[in-house]
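Trainee: First the structure, which I've put down as structure tokens, then a few questions once you've had a look.
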Amino acid sequence: MTSVKLMTVDEVANYLNKPRSWVYGNWKAEQIPFRKVGQPLRCRPADLEKWLDCQN
């Protein structure tokens, strides 16, 4: 079983070319596929790709 590196909010913001504050402020409304790991938000790269594919 290979482990997938989960993306941080900063990594997702860089990937989306958005400010970190935008990601924090909009992740629920935009349904960005974050999971809480303890307190921090994390996202699987494959889930982020699927989410991007579904955006208009």
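The values are calculated or read from the model by the stated rules, or taken from the named source; none is laboratory data. As the structure is a computational prediction, the values presented were derived from the model and not from experiment. Heads up, the Cβs are rebuilt from the backbone with ideal geometry, glycines too, and the neighbour counts pull from every protein chain shown. These area figures cover heavy atoms from the full protein model, side chains too; ligands, DNA and RNA do not enter into them. Shrake-Rupley method; radii C 1.70, N 1.55, O 1.52, S 1.80 Å.
Trainee: Around ARG42, with a cut-off of 12 angstrom between Cβ atoms, what is the net charge of the other residues, counting Lys and Arg +1 and Asp and Glu -1?
Mentor: +1
Trainee: Specify which residue in the list LEU52, VAL37, TYR24 is farthest towards the positive end of the charge dipole of the chain, using unit charges on the beta carbon of Lys, Arg (+1) and Asp, Glu (-1), about the Cα centre.
Mentor: VAL37
Trainee: I would also like to ask the following. Of the accessible area of the chain, with the probe set at 1.4 angstrom, what percent is carbon plus sulfur?
Mentor: Carbon plus sulfur share of accessible area: 50 percent.
Trainee: Using r as the Cβ-Cβ distance of SER3 and GLN55, and R0 as 22 Å, what FRET efficiency do you calculate, to the nearest 0.05?
Mentor: The formula returns an efficiency of 0.20 here.
Trainee: For a quick protection proxy, order the peptides 7-13, 33-39, 43-49 by their average other-Cβ count within 10 Å, most packed first.
Mentor: The peptides rank, most packed first, as 7-13, 43-49, 33-39.
Trainee: Could you name the lysines in cross-link range of LYS5, using Cα to Cα under 16 Å and dropping any fewer than eight places away on the same chain?
Mentor: The reachable lysines, counting only those whose Cα sits under 16 Å from LYS5, are LYS36.
Trainee: Continuing with the same structure: Using a ≥ b ≥ c from the Cα gyration tensor of the chain (square roots of the eigenvalues), is it rounded, prolate or oblate, where a/c under 1.5 gives rounded and otherwise the larger of a/b and b/c decides, a/b for prolate?
Mentor: Oblate shape, in that a/c is at least 1.5 and b/c is the bigger or equal ratio.
Trainee: Next question. For SER3, SER21, write out the residues from largest to smallest accessible area, computed with a 1.4 angstrom probe and no ligands counted.
Mentor: Sorted descending by solvent-accessible area, the residues read SER3, SER21.
Trainee: Moving to a separate point now. Just to confirm, what accessible area per residue do you get for the chain at 1.4 Å probe, in whole Å²?
Mentor: Spelled out: the 1.4 Å probe surface of the chain, per residue, equals 77 Å².
Trainee: Within the set of other residues whose C-beta is less than 15 Å from the C-beta of VAL9, count the net charge using Lys and Arg as +1 and Asp and Glu as -1.
Mentor: It works out to a net charge of +4.
Trainee: Give me the distance in nm between label points sitting 7 Å out from Cα along the Cα-to-Cβ direction at GLN39 and TYR15, one decimal.
Mentor: 2.4
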